[in-house]
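Structure record follows, encoded as C-alpha cells.
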Amino acid sequence: MNRSLQIRAGLSAVAVLLAIYGLLPTFKSLSISHAEREAAKANPTRLAEIEAIDAKAIRRGLDLKGGMYLVLEVDQTNMDSGQAADALQRVKEILYNRIDKFGVSEPEITTFGSNRIVVKLPGLQDPERAKGLIGKTARLEFRLVRQPDDLQDALTRLDQAFAGTVTTPAAAPGDTALVPDQDQFLRDHPFSGLVMTQAGITSTPLFVAEENVDRVQAMLDDPRTAARLRGMEFQFGMDPMNVGGATSLRPLYLVDAAPIISGDQLTDALSSADNERPGLWQVTFTLNNRGAREFGRATGENVGRFLAISLDGRISSAPVIQSRITSTGSITGNFTNAEANDLALLLRAGALPTDITIAEERTVGPSLGSDSIRMGVNASMWGALLVVVFMLVYYRLSGVVAVVALTANILILLAVLAQFDLVLTLPGLAGVALTVGMAVDANVLINERIREELRKDKTIRAAVQAGYQNATRTIIDSNVTTLIAGGVLLWFGTGPVKGFAVTMCIGILTSMFTALVMTHAIMDVVTQGKGKQKLSI
C-alpha cells in the first residue's frame with residue numbers, strides 16, 4: 001500500500017470514527033422516549049442526565065423542536081434615527097441576557113426592520129412565563145414617601161384640576177372616611193372622592209377600590225396631574241389587598257417624583273425565602289459603590305420615613321427606614337419562588353430602555369415538531385433508498401462503494417452539525433436531501449469516467465486512476481460554484497434560508513471529501529493487484 005493510499009484510507013477511517021463518536025449523544029437523545037422524559041420530571045438526577053445528553057445532541061430549530069415565535073415592536077416615539085437604532089440594539093441585548101439566564105437553549109434573537117425584533121425560543125415549556133419575562137420593563141427605583149401635609153395638599157390640587165369633569169358618579173365600597181355616598185361630593189372632589197384612608201391615619205398609602213383603579217389611573221396619566229403635583233407623584237401598589245368577600249383595595253402612595261437611586265446601580269440580585277413571611281419569597285440585591293454611597297446618604301438623612309420600592313411604576317413595598325442602608329437590601333411582596341426568581345433575573349439583566357409590545361405570536365407544539373421530523377426523515381430515507389437501489393443495480397460493486405461513501409457522508413454531515421453547535425431546521429433537512437443527490441452525482445461522474453477508460457482497454461488500476469483524475473476537476477468546479485451560492489445564502493439569508501444554506505454548504509464539503517478521498521481509497525484497495533480482470537461497474 002503506497003503512502004498516498006495510506007493517508008487517504010487513514011483520513012477516511014478517522015473521519016468516520018469521529019463522526020460516529022460525535023453522534024453518540026444524538027443517538028442516546030433519540031432513544032429516550034417521551035414517557036421516560038415525562039417521568040424524569042419527578043427525578044431531578046435523571047432529568048439532569050437527560051438535559052446533559054440533549055445539550056450534546058444536534059440542536060433542533062423551532063420548526064423541529066416546537067416552542068415559541070414572537071415579533072416584538074420597540075416603541076421609538078419621540079426618538080431621532082440614532083436614538084431609535086440605539087434603543088433597538090439595547091433592547092435586543094437585554095432580551096438576549098434575560099432569555100439566556102431564563103434557561104432557554106438555542107434562542108434566536110434578530111432585528112427585523114427598523115423597530116422590530118424576532119425572538120425564537122425552541123423547546124419552551126411555559127410560554128406565558130416567557131412572555132412576562134420578555135415584556136417587563138423591570139425599572140427599579142427607590143423613592144421617599146411624602147409626608148402627610150403633602151398628601152392633603154396633593155389631593156386638594158387634583159380635586160381642583162379635575163373639578164367639573166366627573167359626569168358619572170361612582171360610589172366606592174368599604175371604608176368611606178373620605179368617600180361619602182353623595183354624588184355632589186364626588187363632583188366637587190373628583191379625585192379624593194375615589195380614594196380612602198385608614199381610619200385616623202392621614203398619610204399614604206391611600207386605598208382605591210379595585211373597580212375604580214382604572215379611573216384613578218386615567219387621572220394620574222393626565223398631563224394636568226404632572227403639572228399640579230410638582231416634585232410629587234402617585235403610584236399604585238403592586239398587589240391588591242383583599243378586605244373580605246369580593247372586595248379588594250389597591251394601595252396608592254404619594255412619593256417623590258425623583259428617585260433616590262435606580263436599578264442601574266445594581267450589581268447582583270438573588271431570590272431567597274422570606275423568613276418573616278413563611279411561604280413567600282423575596283429578592284435581595286447588592287448595589288455598586290456609587291449606588292451604595294448615594295443610598296447610604298439618602299437613607300441616613302431620612303431615618304424614620306417610609307421608603308417606597310418601585311418596580312415599573314408600581315410600589316412593591318414601603319418599609320420604614322430604621323437606619324442607614326448602604327450596599328444591600330431586599331424587595332418583598334407576595335412573590336412565589338418562580339416570581340422571585342424571574343424578578344431577580346430581570347434586575348440582573350437590566351431594564352429595557354423603552355416599552356415593547358408583542359406584534360405577532362405563534363406557538364409551535366412539540367407534536368408538530370415531531371411530525372415535521374418524521375416526515376422529513378421519511379422523505380430523506382425514501383429518497384436515499386431509491387438512490388441506493390439505483391446505484392447497486394446500475395453500478396453493482398462500484399455502486400456498493402458509492403453507497404458506503406453516501407452513508408459516511410450523511411454521518412459526517414450530522415456530526416459536524418452536532419460538534420459545531422449548529423441548528424438543524426426543517427429547511428436544513430431539505431439541504432440534507434440535496435446533499436444525498438449531490439454526493440451520488442459525484443460518484444456517478446467518477447464511475448462513468450472509469451467506464452470510459454475501461455473501454456480504452458486499460459487495466460483496472462489505470463482506469464480507476466484515470467477516472468478519478470478526469471473527474472476531479474469537474475467535481476470540484478461544479479461543487480465550488482454551488483458552494484459560492486450557498487455561502488451567499490448563508491451570509492445574507494435569515495431563518496429558513498439560512499437553515500437550508502448551513503446543511504447545503506457542509507454537505508458540499510463532505511460529499512467532495514467522501515467522493516474524492518474515501519471512495520478513491522476504497523477503489524484502490526478493491527482493485528489492488530488486479531490487472532485486466534473485469535471490474536464490477
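Assorted remarks:
- Qualifying residue in the range 513-531 (condition: under 23 Å from residue 430 (Cα atoms), open to solvent by 40 Å² or more (accessible area, probe 1.4 Å) and of a type in the set (Val, Ile, Thr)): no
- Condition check for residue 505 on (1) open to solvent by less than 70 Å² (accessible area, probe 1.4 Å); (2) more than 25 Å from residue 378 (Cα to Cα); (3) free of Cβ contacts under 8 Å to residues at least 24 places away in the same chain: one failure, at (2).
- Among residues of the range 234-252, those that are under 36 Å from the mean Cα position of the chain (by Cα) and at pLDDT 85 or above, counted: 7
- Residues that are open to solvent by 40 Å² or more (accessible area, probe 1.4 Å) and in a helix (DSSP H, G or I), drawn from the range 423-436: 426, 430, 433, 434
- Conditions (1) open to solvent by less than 20 Å² (accessible area, probe 1.4 Å); (2) at pLDDT below 90; (3) not basic (Lys, Arg): number failed by residue 270: (1)
- Scanning the range 124-139 for residues that are surrounded by fewer than 19 Cβ atoms within 10 Å (Cβ to Cβ) and within 13 Å of residue 364 (Cα to Cα) gives 125, 126, 127.
- Qualifying residue in the range 50-64 (condition: among the acidic types (Asp, Glu), under 16 Å from the mean Cα position of the chain (by Cα) and open to solvent by less than 60 Å² (accessible area, probe 1.4 Å)): yes
- Where residue 137 falls short, out of the listed (1) at pLDDT below 75; (2) among the β-branched types (Val, Ile, Thr); (3) farther than 24 Å from residue 77 by Cβ: (3)
- Hey, residue 275 without any contact (Cβ under 8 Å) to a residue 60 or more places away in the chain and open to solvent by 70 Å² or more (accessible area, probe 1.4 Å) or not: yes
- When the range 63-91 is filtered for residues that are part of a strand (DSSP E or B) and not aliphatic (A, V, I, L, M), the ones remaining, listed by number, are 67, 69, 73.
- Residue that is open to solvent by 60 Å² or more (accessible area, probe 1.4 Å) and at pLDDT below 85, where the choices are 339, 301: 339
- All of (1) open to solvent by 10 Å² or more (accessible area, probe 1.4 Å); (2) of a type outside the set (Asp, Glu); (3) over 30 Å from residue 112 (Cβ atoms) hold for residue 405 with one exception: (1).
- Any hit, the range 470-491, residues being open to solvent by 10 Å² or more (accessible area, probe 1.4 Å), aromatic (Phe, Trp, Tyr) and under 30 Å from residue 110 (Cα atoms): yes
- The one condition in (1) more than 18 Å from the chain's Cα centre (by Cα); (2) farther than 21 Å from residue 429 by Cβ; (3) assigned to a helix (DSSP H, G or I) that residue 23 fails to fulfil: (2)
- Among the residues listed as 90, 116, the single one being of a type in the set (Lys, Arg) and either surrounded by 17 or more Cβ atoms within 10 Å (Cβ to Cβ) or modelled with pLDDT of 85 or more (or both): 116
- Where strands (runs of 3 or more DSSP E) sit wholly within the range 307-369, those with at least 1 residues that are farther than 20 Å from residue 256 by Cα and within 27 Å of the chain's Cα centre (by Cα) occupy 328-335, 356-364.
- When the range 254-271 is filtered for residues that are outside any strand (DSSP E or B) and of a type outside the set (Gly, Ala, Ser), the ones remaining, listed by number, are 259, 260, 264, 265.
- Residues that are part of a helix (DSSP H, G or I) and open to solvent by 30 Å² or more (accessible area, probe 1.4 Å) within the range 212-235 comprise 214, 215, 217, 218, 221, 223, 224, 226, 227, 228, listed in sequence order.
- Here residue 386 fulfils each of the conditions (1) among the hydrophobic types (A, V, I, L, M, F, W, C); (2) surrounded by 15 or more Cβ atoms within 10 Å (Cβ to Cβ); (3) free of Cβ contacts under 8 Å to residues at least 24 places away in the same chain apart from (2).
- Condition broken by residue 502, with the remaining ones in (1) within 19 Å of residue 525 (Cα to Cα); (2) in a helix (DSSP H, G or I) satisfied: (1)
- The range 449-469 - residue that is part of a helix (DSSP H, G or I) and without any contact (Cβ under 8 Å) to a residue 12 or more places away in the chain and, of those, least open to solvent (accessible area, probe 1.4 Å): 462
- Taken together, the residues in the range 19-74 that are within 30 Å of residue 352 (Cβ to Cβ) and touching a strand residue (DSSP E or B) at 6+ places or on another chain (Cβ under 7 Å) amount to 15.
The values are calculated or read from the model by the stated rules, or taken from the named source; none is laboratory data. Every value quoted in this text rests on a predicted model; they were computed, and no experiment measured them. FYI the Cβ positions are ideal-geometry reconstructions off the backbone, even for glycines, and counts take in every protein chain you see. Accessible surface areas use protein heavy atoms only, side chains included; no ligands, DNA or RNA. Shrake-Rupley method; radii C 1.70, N 1.55, O 1.52, S 1.80 Å.
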